[in-house]
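Structure record follows, encoded as structure tokens.
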Amino acid sequence: MIKASRIVSRKFDIPGSHTLEVAKTHGAYDALSDAFAFSPAEIVEVIKESGLRGKGGGGAPAGTKWGLMPQDDPRPSYLVVNGDESEPGTFKDRQIISKDPHLLIEGIIITCYAIKAHDAYIYIRGEYCQFQQILQSAIDEAYAAGLLGERSGGEAYRVDITIHRGAGAYICGEKSALLESMEGKRGHPRLKPKQKEPEWYFGNPTLVNNVETIASVPYIVKNGARAYREFGTEHSPGTLLFAMSGHVEKPGVYEAEFGTPMLEYIEHYGGGVLGGRKLKAVIPGGASTAVLTADEVAYATLDYENLRAMHSALGTGGMIVMDEGTDMVEALKNLLEFYHHESCGQCTPCREGTGWSDTILGRVLEGRGRSEDIDKLLELADTMDGKTICVFAPAVAIVVRSFIGKFRDEFEAKASV
Amino acid sequence: MSFVFSKENLERIEALKSRYPSPKALLLPCLWMAQYQEGYISLDAIEVIGEVIDMPPMELYRVATFYTMFNLEPVGKYHIQLCKTLSCALRGKAQILAQLSNRLGIKPGESSQDGKYTLSQVECLGSCGTAPVMQINDRYYENLTPEKIDTILESLEEES
Amino acid sequence: MSQTEVVIDDKRFVAKEGSLLIDLLIKHNLKVPYFCYHEALGADGNCRMCMVEIEGQKRPQIACDTLIKEGMVVRTKGENIESVRRNILELELINHPVDCPICDQAGECKLQDFYMDYGLYDSHIDQADKVHHQKHIDLGSNVMLDQERCVLCARCTRFTADITKTHELGIIGRGDHARVSTMPGKKLDNPYAMNVVDLCPVGALTSKDFRFSQRVWFLTSTPSVCHGCAKGCNIFIDHNREKYKDETIYRFRPRENQAVNGYFICDEGRLSYKALQENRQVERDRNGAVCSEAEALKAYCKTLEGAKGEIIVLADPNLYREELVAIEAYAAHIGASLYAPLEHYRDEDFADDWLKSSQRAANAKAVEILEIKTTLPVEKAGLLISFNHPDAAQIKAEKVISFQTHIGKDAYDLTLPLAVFSESAGTLVNEEGIEQYCPRAIKRNEPIPTVIEWLTQIEGGDK
Ligand SMILES: Cc1cc2nc3c(=O)[nH]c(=O)nc-3n(C[C@H](O)[C@H](O)[C@H](O)COP(=O)(O)O)c2cc1C
Ligand code: SF4
Ligand code: SF4
Ligand code: SF4
Ligand code: FES
Ligand code: FES
């Protein structure tokens, strides 16, 4: 049976939960006093112990990243909260922003204190204007209540939060592209650093974390690392705002602990496949993870280790469910159009590879396919894999390989008409 | 130069400058302000912003052309942006598009003759759980059905 | 940084720890294809062509973003890595028109070189499926852009952003719609603009000045030094003799010299080859009538012998040091006073804080070192002998003999043709005191004498 696990979504169903008044009656900002009782280093330690993993798709241990922030550096440190949320199938951060913005603000105050930053930016995708307004109202309320500003949370610690609005570019979710974008440049991912180091914003050490990662912080600081580890598995502690879209009865965002069996999750929260039809496939963690067949879904569990072992990934936990009637060639074409449109265009294999793959599959769907086209797509996937500046192109490679690898018949059939 | 920031925007710009380590960070916020003020971003606006944040116009222009939400040409009063990505496609985006196209008499990428509507298809709007989805200017319209499209378009007609 | 040893393709090399691997590969001519890296612009890492294998790394790495580490083992050759590069190159060609036969860059195009090397002669792609862009865009400053041939290496845009800081060029649009452009209605406009043509690794940027005038493989390159100002930028003189025609210069190109001009030259210097060959003085002219060389020499001696009063010799401060030395000796021999006036060559408007110098005389420094007077003589001369000095007409003189490279508006008693710098050889001393030797580049079908050749003849006739 599924265990109710609500850490981040606790207040989601409470009417008016986005207002300070309602949020406060349900414990908002309670973790601040606990936090300021710790030293910054102690908080980093608690986050490390909790095993909190980044919830923006990569799953990097948050504590380790926080630990990379310098403790005494003459330069200012910054916190950047990633609310770009552009991975198809992902719509979870939006829930926090619009339903419990004060939880995010509370998390930001604590994180700033822990990494010795005074300025935090929340980068929100440009389309989320409506939700940004809710968050801005919450920030304004927090300023008015003295929770933000010079004496944040009533302590002698300044925290200022500024929302930075994106303008329509999936790649700006990638952390270094996001920082480039925030520096007033094109969203081009940066070359990888040669050693483990923080991110850099105008040359200053910077921490980038996903909205949900930061929203998980108050619970951990208040209840302790052990309480967080009560949920989830050893390598995937805690919970995630998993989401479902596509062919399910009740699509939406439902928090669950890591390790929950995928099928059970889909049945329990999603009410099963739409119209009682048979399941064909699930893309488990946002578009950029390897598709799973119905057979695989049967034994998949929602955690990093299991999905990795299945040569897929947990990603953002946004599942796209496809029923038996789905045309997998069309589905891949749809995703290739997305990648073709969203490649930043900086490096050759990705700029040309995504476009060319899209063109080839388009030709196949128009009935102009050639028998070698399917292998050409796989060859292009190889060229895009592991040879580019960021992991956008390798993700495309994974998607292409998994679709063709698992549903080759459908592709062959289309290519040979 | 024909573009000038409104007094209100100039004040916002000044206020924002103190919140960032460099005025260059104001590039996106300034482009947004210009777009709201004029409906699109003109080359004049680019020159003006360049002066405000001390950046050569070309560097701004490169950036403005990178992001899909910036309109460098005027668009219709109602910019209808229908999501075309997978979850929406799985939940009937095609019918919604047909309905929109029929009612407005335009194809994606086109504007109506009276300049009132522009129809675009866009990539995932981050609202896949309530697919199919579209955005009209800044507002989301979710769980779309062809009938809903009729009501929405009718209400827009009344509005104007 | 300390020196360390690395192994590349089973050979040992010594390099600075922490320096760029690609620099080492370039230095030792270990062929790895690359588009976006350029020594002057640094690494951008966008073309992904410079892939090499590094022991201990799972994936191939780009050499332009790899720092030399002690004991590093690198492979640039082999089935694996070559197929990686071939596949990336193939993608580079996907939206490229591959129209080398009509491309100006053919013969010095990296894309063409590489795909020949990698055996990708035919890139079986329907023209219809390619992304099409604009083909003949006049960017300004003599530079033409073909967006379809562009590989988006961003060299040209980094040049205008980081080197000249004039910011005319940029990559606009996203994904495979990205393309190089100026701002709408604006032009590429800076005194160094044409360097982007040399920087462009393919035929996307071409010089309007050079376009279609010559296939590059017919050209001979002779190293030389620009005579446009005292900076002394290093150049290649690219020239060719077509059948039945005289040897012609088709262009000047920058030649790398870190001590002088780095990798670049100014546009004015670059285009100065034209004026060099136009309007040349080829005939000997005595009182308005063409005469033979023997007659000219005779007239010369007669004029010299008949000279009354002071003899003044003017030497152009653009002449080679060897030429100046010879003139100096000659002037002493005939008891003349020698001047190399510099006044004419001051040009504050030309100067900038990079290469261009307000001293427009290429050999002003040599004049200074030889302690030749640089003022304009004010006294009236009985005889003036000018070696191509532009101020000759300003000197008051009874008789004037002018050796000149180009036809001028003034008539003299005796006008004799003189070789230009590309037809002569010698040393320039630039404004920083750097000595640079320029070999002779051009041999005319009917040679025009150099200063030294004239003086040898004159002194020979003298005896
Ligand atoms: C192509 C691409 C898109 C990404 N998009 C997002 C995004 O929309 N939101 C996000 O939080 N992280 C995104 N990421 C991950 C970020 O780079 C980064 O790892 C993350 O924001 C770090 O926060 P976390 O450790 O808390 O997850 C993306 C990564 C890639 C490669
Ligand atoms: S892999 Fe794609 S998205 Fe990433 S930097 Fe290269 S071109 Fe841009
Ligand atoms: S025009 Fe030439 S130099 Fe400029 S980006 Fe294109 S290929 Fe590179
Ligand atoms: S700076 Fe002077 S020497 Fe250099 S190319 Fe220009 S004119 Fe010639
Ligand atoms: S696919 Fe349409 S909103 Fe995500
Ligand atoms: S030269 Fe190394 S990536 Fe272009």
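Kirkwood hydrodynamic radius, computed over distinct alpha-carbon pairs, for the range C:146-193: how many Å, to one decimal?
This gives a value of 11.1 Å.
Which one of A:263, A:393, A:77 has its Cα pushed farthest toward the positive end of the charge dipole of chain A, where Lys and Arg give +1 and Asp and Glu give -1 at the Cβ?
Towards the positive end, the residue furthest out is A:77.
Let a ≥ b ≥ c be the square roots of the eigenvalues of the Cα gyration tensor of the range A:328-415; is it rounded (a/c under 1.5), or, if not, prolate (a/b larger than b/c) or oblate?
prolate
Need one number: convex hull volume per residue for the protein assembly as shown, Cα atoms only, in Å³.
In the protein assembly as shown, the Cα convex hull volume per residue is 213 Å³.
Does anyone have the angle between helix C:451-462 and the longest principal axis of chain C? Alpha-carbon axes, 0 to 90°, nearest 10?
With rounding to tens, the tilt is 30 degrees.
Whole angstrom only: what separates the Cα centroid of the range A:165-224 from the Cα centroid of the range A:18-78?
Their Cα centres are 15 Å away from one another.
On a straight-distance basis, which aspartates and glutamates could pair with residue C:409 in a cross-link, Cα separation under 19 angstrom, same-chain partners fewer than 8 positions away excluded?
Partners within reach: C:278, C:283, C:285, C:316, C:391, C:398.
Figure the gain on full extension for residue C:434 and residue C:59 (residue separation times 0.36 nm, minus the Cα-Cα span) and round it to one decimal in nm.
Separation in residues times 0.36 nm, less the Cα-Cα distance, equals 130.4 nm.
GNM, chain A, Cα, under 10 Å: largest mean-square fluctuation among A:133, A:195, A:346?
A:195
Report, ordered by chain and residue number, the aspartates and glutamates lying within cross-link reach of residue A:278, taken as a straight Cα distance under 13 Å and ignoring same-chain residues fewer than 8 apart.
A:249, A:267, A:295, A:323, A:324
Can you give the longest stretch of chain A with no exposed loop site, where a site means GluC sites (Glu not before Pro) in a DSSP loop (not H, G, I, E or B) with at most 16 other C-beta atoms within 10 Å?
A:1-149
Give the relative contact order (percent, whole number) for the range B:7-66; include only Cα pairs under 8 Å separated by 6+ residues.
About 28 percent, as a whole number.
So for the pair residue A:42, residue A:4, with labels modelled 7 Å out along Cα→Cβ, what separation do we get in nm?
3.3 nm
Once the dipole of the protein assembly as shown is set up with Lys and Arg at +1 and Asp and Glu at -1 on Cβ about the Cα centre, which of C:96, A:340, A:312 lies farthest towards its positive end?
Comparing the listed Cα positions along the dipole, A:312 ranks first.
What percent do you get for the relative contact order of the range A:328-415 when only Cα pairs under 8 Å and 6+ apart count?
Result for the range A:328-415 is 35 percent.
Using the structure shown, list the pairs from B:17/B:116; A:194/B:24; A:55/A:192 with a Cα-Cα distance above 29 Å, or answer none.
Checking Cα-Cα distances, B:17/B:116 exceed 29 Å.
If we count other beta carbons within 10 Å of each Cβ, what is the order of C:251, C:12, A:226, fewest first?
Result, fewest neighbours first: C:12, A:226, C:251.
Calculate, for residue C:275 and residue A:299, the FRET efficiency according to 1/(1 + (r/R0)^6) with r their C-beta to C-beta distance and R0 60 Å; round to the nearest 0.05.
After rounding, the FRET efficiency stands at 0.15.
Which whole-number percent is the relative contact order of chain A (Cα, under 8 Å, 6+ apart)?
Computed value for chain A: 17 percent relative contact order.
With a 4.7 Å Cβ cut-off, tell me which Cys residues in chain B come up empty for a partner.
Lone cysteines by the Cβ rule: B:30, B:124, B:128.
Largest first and in whole Å, what are the equivalent-ellipsoid semi-axes of the range A:59-171 based on the Cα gyration tensor, each being the root of 5 times an eigenvalue?
The answer is 23, 19, 12 Å, longest axis first.
How large is the charge dipole for the range A:66-215, taken about the Cα centre, if only the Cβ atoms of Lys, Arg (+1) and Asp, Glu (-1) carry charge, to the nearest 20 debye?
Here the range A:66-215 has a charge dipole of around 440 debye.
Taking every pair of distinct Cα atoms and averaging 1/r, then inverting, what Kirkwood hydrodynamic radius in Å comes out for the range C:141-258?
After inverting the pairwise mean of 1/r, the radius is 15.8 Å.
Given R₀ = 41 Å, what would the calculated FRET efficiency be for residue C:369 paired with residue C:443, taking r from the Cβ atoms and rounding to 0.05?
Computed FRET efficiency for residue C:369 and residue C:443: 0.85.
In nm, give the distance between the simple-model label positions of residue C:344 and residue C:5, each being 7 Å from the Cα along the Cα-to-Cβ direction.
Between residue C:344 and residue C:5, the label points sit 6.1 nm apart.
Could you identify which residue out of A:309, A:281, A:23 has the top mean-square fluctuation in a GNM of chain A using Cα springs shorter than 10 Å?
Looking only at A:309, A:281, A:23, the largest GNM fluctuation is found for A:309.
So for the pair residue A:19, residue C:108, with labels modelled 7 Å out along Cα→Cβ, what separation do we get in nm?
Distance between label points: 7.3 nm.
By its C-alpha gyration tensor, with a ≥ b ≥ c as the square roots of the eigenvalues, how is the range A:20-229 shaped: rounded for a/c under 1.5, else prolate for a/b larger than b/c, else oblate?
It comes out rounded by the Cα gyration axes.
Under the rule of -39500 (n - 2.57) per DSSP H run of 4 or more residues, summed and divided by the residues of the protein assembly as shown, what mean residue ellipticity at 222 nm is obtained, to the nearest 500 deg cm²/dmol?
Taking each H run of at least 4 residues, the total per residue is -10000 deg cm²/dmol.
Expected output is a single nm value to one decimal: the length gained when fully extending between residue C:39 and residue C:352, i.e. 0.36 nm times separation in residues minus the C-alpha distance. What is it?
110.4 nm
Chain C: Rg/Rh from Cα coordinates, Kirkwood Rh?
For chain C, the value is 1.07.
Partner chain Cβ atoms within 10 Å, averaged over the residues of A:80-89 - can you pull that number for me?
Taking all residues of A:80-89 together, the mean is 3.
Among C:27/C:69; A:185/B:107; C:16/C:58; A:387/C:130, which pairs are too far apart, with a Cα-Cα distance over 26 Å?
Violating the 26 Å Cα-Cα cut-off are A:185/B:107.
Provide the FRET efficiency to the nearest 0.05 for the residue B:47-residue A:75 pair, computing r from the beta carbons and using R0 = 51 Å.
0.95
For the range B:78-159, what is the convex hull (Cα atoms) projected area averaged across all directions, in square nanometres?
Approximately 4.7 nm², given one-decimal rounding.
Cross-link candidates for residue C:298: which lysines have Cα within less than 23 Å, leaving aside residues fewer than 8 places away along the same chain?
List returned: C:308, C:399, C:463.
Only four residue types carry charge here, +1 at the Cβ of Lys and Arg and -1 at the Cβ of Asp and Glu. Report the dipole size of the protein assembly as shown about the Cα centre in Debye, rounded to the nearest 20.
Roughly 700 debye, rounded to the nearest 20.
Among A:322, B:94, A:16, whose Cα projects farthest towards the positive end of the dipole of the protein assembly as shown, with charges put on the beta-carbon of Lys, Arg (+1) and Asp, Glu (-1)?
A:322
Hey, fewest Cβ within 10 Å first, where do A:260, A:64 land in order?
Least crowded to most crowded, the residues run A:64, A:260.
We did not get these values from a lab; they are worked out from the coordinates using the rules stated. Since the model is a prediction, treat every value here as computed from it, not as a measurement. Note that we place each Cβ from the backbone using ideal geometry, even for glycine, and neighbour counts take in every protein chain shown.
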